[in-house]
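The structure under discussion appears below in the form of structure tokens.
Every read-out reported here was derived from the displayed coordinates using simple, explicitly stated rules and does not represent laboratory data. Model, not experiment: these values are computed from the prediction. Heads up, the Cβs are rebuilt from the backbone with ideal geometry, glycines too, and the neighbour counts pull from every protein chain shown.
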Amino acid sequence: MPVLLIAGGGRGIGAATARLAARDGYDVAVNYISNAAAAAKVVDAVEAAGRKAVALQGDMSHEADIERVFDEAARALGPVTHFVHSSGIVGKNGKLADSTAENMRAVVDVNLMGALLCSRAAVNRMSTAKGGQGGSIVLLSSNAAVTGGA
């Protein structure tokens, strides 16, 4: 049974991915950082498609949260066989010259380090060399990567 964990699955591209995956036969773990209501709606949509789903709160820029979310997904749905990283931020709007180091760190922590840490967690669980069943990892971006956001 394929199990998909989506980091940032409560809204936007991640939520749409969850709905499509459910339609295609995946059980889905929906990660969110703060909007539990949005994640719950995605879980409802996955379940309405006849699949199992769980919403898991966690900050995908924090290693401990990442490890916990992967473990909780496996406990709830079975071993994670697929992972989508759809978690990303653009930071506070403004000119680079006026941006704070804190704002820049937050963007790098979520968009880069979070993606790397999540990918490592997925590989450590899915790799056949590490006892897993194999699987797929997809790292998503948005047009904000090109335009810089609003």
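Things to note:
- Fewest-first sequence of 107, 3, 138 by Cβ atoms within 10 Å of each Cβ: 138, 107, 3
- Candidate lysines for bridging to residue 41, where Cα separation is under 30 Å - those fewer than 8 sequence places away on the same chain excluded: 52, 92
- For region 123-131, 3J(HN,Hα) per residue [Karplus equation, 6.51 cos²θ - 1.76 cosθ + 1.60, θ = phi - 60°, Hz, x = Gly/Pro]: 4, 4, 9, 9, 4, 5, 5, 10, x
- The chain: calculated mean residue ellipticity at 222 nm from DSSP helix runs of at least 4, using -39500 (n - 2.57): -13000 deg cm²/dmol
- Formal net charge of residues neighbouring residue 124 (Cβ-Cβ distance under 13 Å; K, R +1; D, E -1): 0
- By the count of neighbouring beta-carbon atoms within 10 Å, fewest first, 1, 113, 60, 126 end up ordered 1, 113, 126, 60.
- Ranked for footprinting exposure by Cβ neighbours inside 10 Å, fewest first, 130, 95, 52 give 95, 130, 52.
- Prolate/oblate/rounded label for region 25-92 (Cα gyration tensor, a/c 1.5): oblate
- Cα-only Debye scattering, the chain: base-10 log of I(q)/I(0) at q = 0.13, 0.17, 0.19 Å⁻¹: -0.55, -0.90, -1.08
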